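Here is the structure we will look at.
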Amino acid sequence: MTVRLPAGSFDPYRRFSIYNSPYPAHDDGCAIDLYPEGELGRSPVAGVVRETRTVGCPDRSYAAATDHLILVDLDDEWCHRAGADPGTVARMLHVIPAVEPGDRVAVGDVLGPTTRSGFFGQWVDDHVHLGFRPPGSNPLRASGSLPVSVGVAVGGVTWGGTGTVVETGPT
């Protein structure tokens, strides 16, 4: 089963990427990063918050010492539109939770402020990392996540093969 994000799930975001990370979930097409307009992570899914937790992340001088995980039990209607089985769970990282277990979220609702995580390089903009776990599986584990596709037209970025360096840093 592949979860196909409905077009409306992208409304709160200026762009997204799937294969932009060295982590296996991205390499396997089982996660998507959603880049908000501002500093707030907004829900790309509809459902009920199952759990939030603070998790460790790689130690980086430019990043927070911890990251955060938000688990959402997806509404059956959202699952139907996304081609997912009822009982599918959404996993979101890199957002400091302003939601609590039992809260209902709709697409576009504020989840909390994004956080600079040690899971991604300092050249990567803050974003919401989204993955899905099948019904009955351990939603805390990233491995075994479902493939993700997008329900929007995707176009390449035109690039002539040259550019201008505008900033350099230690990495």
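Before moving on, here are some points about what is shown:
- Label of the coordinate-derived value, Rg and Dmax of the Cα atoms in Å, listed as (1) 25.0, 73; (2) 23.1, 69; (3) 15.9, 50: (3)
- Heavy-atom surface analysis with a 1.4 Å probe gives segment 41-171 a carbon and sulfur content of 52 percent of its accessible area.
- As a calculated quantity, the FRET efficiency between residue 65 and residue 4 at R0 = 41 Å, using C-beta atoms, amounts to about 0.70.
- Mean accessible surface per residue for the chain, computed with a 1.4 Å probe while every protein chain stays in place, in Å²: 52
- Between residue 80 and residue 27, the modelled labels are 3.9 nm apart [label points 7 Å from Cα along Cα→Cβ].
- The chain: calculated mean residue ellipticity at 222 nm from DSSP helix runs of at least 4, using -39500 (n - 2.57): -1500 deg cm²/dmol
- Cα centroid separation - segment 17-47 against segment 82-111, whole Å: 13
- For segment 22-96: rounded, prolate or oblate by the Cα gyration tensor [a/c cutoff 1.5]: prolate
The values are calculated or read from the model by the stated rules, or taken from the named source; none is laboratory data. The shown structure was predicted, so the numbers you read here are calculated from the model rather than taken from an experiment. Every residue, glycine among them, receives a Cβ derived from its backbone with ideal geometry; neighbour counts consider all protein chains shown. SASA here: full protein model, heavy atoms, side chains in, ligands and nucleic acids out. Shrake-Rupley method; radii C 1.70, N 1.55, O 1.52, S 1.80 Å.
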